[in-house]
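Novice: One structure, as structure tokens, below. Some questions next.
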Amino acid sequence: MTDHSLCDRVRAMCAEAEASLRPGPFLTAVLEVRERLARDTLSVAVGGRLNAGKSTLVNALLGQRLAPTGATETTMVSAWFTHHHQNRILVHFNDGRPDAAVPARPGGGVPESLGYPRENISHITVGVANKRLGDAFVLVDTPGRDALSALDDYSMASIRRADALILVMPHPGAEEEKALQEFRRVMAGSRLSAANVVGVLSQIDRLGDGTAPPDEQRRIGAEVAARGAQRLNGLVCEVVPVATKLAQAARCQTFTDKHERALRTLATADPQTLEDMLYSEDDLLNVALDTVPVDRETRRELLDLLGFHGIREALAAIDAGAADLPHLLEALRERSGITRLLDCLHERFLAAADALRCDSAATLLEQALDLAQPDERDVAERLSAQLSRLRREPELRRVELAEVSQAHARGDLPLSPEQAGQLQALMTGTTTARRLGLPDESSRDELRRVAEERARGWRVLESRLPRRAGLHAALVREIFEHLHLSLA
Ligand SMILES: Nc1nc2c(ncn2[C@@H]2O[C@H](COP(=O)(O)OP(=O)(O)OP(=O)(O)O)[C@@H](O)[C@H]2O)c(=O)[nH]1
Ligand SMILES: [Mg+2]
């Protein structure tokens with residue numbers, strides 16, 4: 001089997017159906033799926049509330065400052081960043097008009113104005129000659145809203161069209177719980193779940209009163225992220241804390257020798273001056289030049305680039321031995337949390353790309369079946385049978401656990417905390433052992449024993465539940481059985 005075997009099977013199904021269909025809505029939907037699969041990359045949307053730090057994170061992931069960021073509502077239309085041999089921006093309209101090319105900002109960024117009314121634009125495609133994108137994914141920056149309940153149709157449309165989602169959450173406030181519940185509601189009916197949603201706790205420097213030393217601030221971030229992951233159990237596979245602004249600076253080549261030199265000079269201040277200076281942003285800006293020979297303008301530049309927390313992280317990294325610019329940048333990437341997020345995206349999204357893309361394509365085809373006209377029934381029935389066979393593939397079944405997890409989140413599938421934990425591990429584990437909630441070094445016999453025990457447990461549960469809930473339990477049971485068999 002090749003890496004793309006599941007997607008290849010969907011492509012073949014589309015080709016076969018297309019050959020027998022006449023022009024009409026069913027054929028159009030099938031063609032759209034084929035076009036979607038022609039792209040060989042996974043699409044990952046970045047979504048969340050207004051000002052959450054989505055665009056800042058997109059830039060950090062791209063390794064280039066292409067998405068505009070700002071303190072007020074900044075991202076007005078969804079932007080699909082794709083690899084292209086030359087920088088170009090295409091505007092796609094929602095009234096069927098042909099796409100229009102608009103000039104990019106120097107370096108390929110999205111311009112302030114696209115020159116068309118926002119309400120006529122469905123989304124834009126930003127082609128960038130960016131190697132990082134080439135071998136990874138299409139990244140989709142979406143507009144935020146002040147409440148997730150009001151996430152506009154176009155944001156939601158882009159989020160639904162993507163294969164996976166990074167859900168960006170800023171520092172938790174009183175509104176957080178409500179917003180998260182809203183997000184659950186908005187996502188119900190989409191296939192987004194712990195199988196393909198990674199949470200990011202953004203702007204970790206803003207947690208608490210923001211005066212804690214950097215390592216303490218990171219510890220607070222990890223704690224808040226862990227609590228968030230607990231609350232969003234079933235919806236996200238994990239929540240990674242990221243100092244988004246610092247991550248952007250550490251990955252976008254905007255931090256130069258000049259900034260490094262200035263930081264090293266700051267680091268030479270005597271301990272008392274250093275402590276006074278790092279008490280607040282104002283103290284950093286206002287400390288007398290004769291005590292710290294870095295001019296105010298450069299200090300302001302450092303603040304704009306790294307933020308106050310970032311400056312303290314950089315000074316701590318220098319203190320810990322980061323001897324030159326590359327080592328300092330590496331330390332900042334590590335400290336910002338972006339390195340861990342990238343690992344997480346590779347492990348969870350890229351390694352499962354075939355199944356995730358196949359699942360979204362198969363879902364679109366399943367929806368398209370309803371569009372068949374009476375004389376297209378044969379084709380629809382054949383396609384439906386092929387899709388049912390495809391859905392039995394173990395890798396896809398795991399993605400389907402999304403529905404089970406959503407049923408549990410809605411209260412339609414009562415589970416004990418232990419069973420909920422087993423379901424979460426099965427969905428999000430990246431190795432067989434982890435899927436069974438066991439350490440990686442567990443013996444094969446132990447894995448087999450536990451897989452069998454789980455299958456038995458879920459069979460008992462299945463027999464006690466009403467029919468619909470029982471079907472969900474049956475899916476979990478079948479996956480444990482399959483794991484058991486594969487360990488024979
Ligand atoms: N202190 C701090 N500020 C940040 C951080 N990340 C982003 N910001 C700032 O927060 C503001 C919003 O960031 P954006 O990335 O534009 O947020 P967004 O979610 O894309 O916003 P919209 O597109 O308007 O919904 C900007 O002023 C950023 O500079 C961070 O880690 N720390
Ligand atoms: Mg934005």
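Just so you know, all these numbers are worked out from the coordinates, no wet-lab data involved. Because the structure is predicted, anything quoted here is derived from the model rather than measured. Every residue, glycine among them, receives a Cβ derived from its backbone with ideal geometry; neighbour counts consider all protein chains shown.
Novice: Please give the helix 353-368 orientation as an angle from the longest Cα principal axis of the chain, in degrees from 0 to 90, rounded to the nearest 10.
Specialist: 50
Novice: Ok, one more. Quick one: which of 354-366, 433-445 comes out on top by average Cβ neighbours within 10 Å, and what's the full order, highest first?
Specialist: Going from most to least packed, we get 354-366, 433-445.
Novice: If the chain between residue 5 and residue 31 were fully stretched, how many nm would it gain, using 0.36 nm times the residue separation less the Cα-Cα distance?
Specialist: 7.4 nm
Novice: Here's a follow-up. I'd like the Karplus ³J(HN,Hα) series for the range 427-432: coefficients 6.51, -1.76, 1.60, θ = phi - 60°, whole numbers in Hz, and an x wherever there's a Gly or Pro.
Specialist: 6, 10, x, 9, 9, 4
Novice: Further question: For the pair residue 18/residue 122, report the inter-label distance in nm, with labels modelled 7 Å from Cα in the Cβ direction.
Specialist: Result: 1.8 nm between the two label points.
Novice: Among the trypsin sites (Lys or Arg not before Pro) within the range 36-97, which fall in a DSSP loop and have no more than 15 other Cβ atoms within 10 Å of their own Cβ?
Specialist: Of the trypsin sites (Lys or Arg not before Pro), the ones in loops of the range 36-97 whose Cβ has at most 15 other Cβ atoms within 10 Å are 39.
Novice: Report, in cubic angstrom per residue, the convex hull volume of the C-alpha atoms of the range 246-336.
Specialist: 81
Novice: In the P(r) worked out for the chain, what percent of Cα pairs fall beyond 33 Å?
Specialist: Cα-Cα pairs of the chain separated by over 33 Å account for 45 percent.
Novice: Let me know the charge dipole size of the chain about its Cα centre in debye, to the nearest 20, where only the beta-carbon of Lys, Arg (+1) and Asp, Glu (-1) is charged.
Specialist: That gives the chain a dipole magnitude of about 1340 debye.
Novice: Let me ask another. Quick one: order 205, 99, 276 by neighbouring beta-carbon count within 10 Å, fewest to most. Could the numbers behind the result be given before it?
Specialist: Details: 205 26, 99 10, 276 14.
Exposure proxy ranking, most exposed first: 99, 276, 205.
Novice: In whole angstrom, how far apart do the alpha carbon centroids of the range 270-330 and the range 19-75 sit?
Specialist: 37
Novice: Below 8 Å, C-alpha to C-alpha, sequence gap of six or more: please give me the relative contact order for the range 391-465 in percent.
Specialist: Result for the range 391-465 is 16 percent.
Novice: Give me the count of lysine pairs in the chain whose alpha carbons sit under 23 angstrom apart, restricted to pairs 8 or more positions apart or on different chains.
Specialist: Eligible lysine pairs with Cα atoms under 23 Å apart amount to 5.
Novice: Shape call for the range 287-433 from the C-alpha gyration tensor, a ≥ b ≥ c root eigenvalues: rounded (a/c under 1.5), prolate (a/b greater than b/c) or oblate?
Specialist: prolate
Novice: What's the magnitude of the charge dipole for the range 411-488 around its Cα centre, counting Lys and Arg as +1 and Asp and Glu as -1 at the beta-carbon? Answer in Debye, nearest 20.
Specialist: 260
Novice: Further, regarding this structure: Before rounding to the nearest 500, sum -39500 (n - 2.57) across all DSSP H runs of length at least 4 in the chain and divide by the residue total; then give [θ] at 222 nm in deg cm²/dmol.
Specialist: Result for the chain: -17000 deg cm²/dmol, rounded to the nearest 500.
Novice: Taking amide H positions as placed 1.01 Å from N in the peptide plane, with prolines and chain starts having none, which residues 5 or more places from residue 122, or on another chain, fall under 5 Å of its amide H?
Specialist: Those qualifying (amide H under 5 Å, at least 5 residues apart or on another chain) are 92, 93, 94.
Novice: How much FRET efficiency would the formula 1/(1 + (r/R0)^6) give for residue 38 and residue 425, where r is the Cβ-Cβ distance and R0 is 45 Å, rounded to 0.05?
Specialist: Between residue 38 and residue 425 the formula returns 0.80.
Novice: So, one more: For the range 1-120, how big is Rg over Rh, using alpha carbon atoms and the Kirkwood form of Rh? Don't skip to the answer; put the middle values down first.
Specialist: Details: Rg = 17.9 Å, Rh = 17.3 Å.
That ratio is 1.04, to two decimals.
Novice: Express in nm, to one decimal, how much length is gained between residue 132 and residue 453 on full extension, taking 0.36 nm for each residue of separation and deducting their alpha carbon distance.
Specialist: 111.2 nm
Novice: So, one more: Taking the 0 to 90 degree range and rounding to the nearest ten, how far is the long axis of helix 5-20 tilted relative to the main principal axis of the chain, both from C-alpha atoms?
Specialist: Rounded to the nearest ten degrees, it is 60.
Novice: For a test of the definition: using alpha carbon positions, the gyration tensor, and the 1.5 limit on a/c, classify the range 411-488 as rounded, prolate or oblate.
Specialist: In terms of gyration-tensor shape, prolate.
Novice: Ok, one more. Output ³J(HN,Hα) for the range 392-405: one whole-Hz value per residue in order, computed from phi by the Karplus curve 6.51 cos²θ - 1.76 cosθ + 1.60 with θ = phi - 60°, and x for Gly and Pro.
Specialist: Ordered by residue, 3J(HN,Hα) equals 7, 4, x, 5, 6, 4, 5, 5, 5, 4, 3, 5, 5, 5 Hz.
Novice: If you don't mind, there's one more thing I want to ask. Rank 259, 84, 421 by how far each Cα sits towards the positive end of the charge dipole of the chain (+1 on Lys, Arg Cβ; -1 on Asp, Glu Cβ) and give me just the farthest.
Specialist: 421
Novice: For 379, 200, 236, what's the fewest-to-most ordering of other Cβ within 10 Å of each Cβ?
Specialist: With the sparsest Cβ surroundings first, the list reads 379, 236, 200.
Novice: Here's a follow-up. Taking the Cβ of each residue in 285, 465 as the centre, tally the other Cβ atoms inside 10 Å and list the residues starting with the fewest. Mind dumping the intermediate values first?
Specialist: Values: 285 12, 465 16.
Lowest to highest Cβ neighbour count: 285, 465.
Novice: Relative to the longest principal Cα axis of the chain, at what angle does helix 377-391 sit, 0 to 90 degrees, rounded to 10?
Specialist: 60
Novice: Between residue 416 and residue 72, what length in nm is gained on full extension when 0.36 nm per residue of separation is reduced by their alpha carbon distance?
Specialist: 119.5 nm
Novice: Calculate the FRET efficiency for residue 303 and residue 86 from the Cβ-Cβ distance with a Förster distance of 41 Å, rounded to the nearest 0.05. Could you put the intermediate results ahead of the total?
Specialist: Values: r = 35 Å, r/R0 = 0.85.
That pair, residue 303 with residue 86, gives E of 0.70.
Novice: Right, here's the next one. Evaluate the distance, in nm, between pseudo-label points positioned 7 Å from the Cα of residue 270 and of residue 97 along their respective Cα→Cβ axes.
Specialist: Reported label-point gap for residue 270 and residue 97 is 6.7 nm.
Novice: At 10 °C and a viscosity of 1.306 mPa s, what translational diffusion coefficient does Stokes-Einstein give for the range 98-145, taking Rh as the Kirkwood radius over Cα pairs? Give it in µm²/s as a whole number.
Specialist: In µm²/s, the coefficient rounds to 125.
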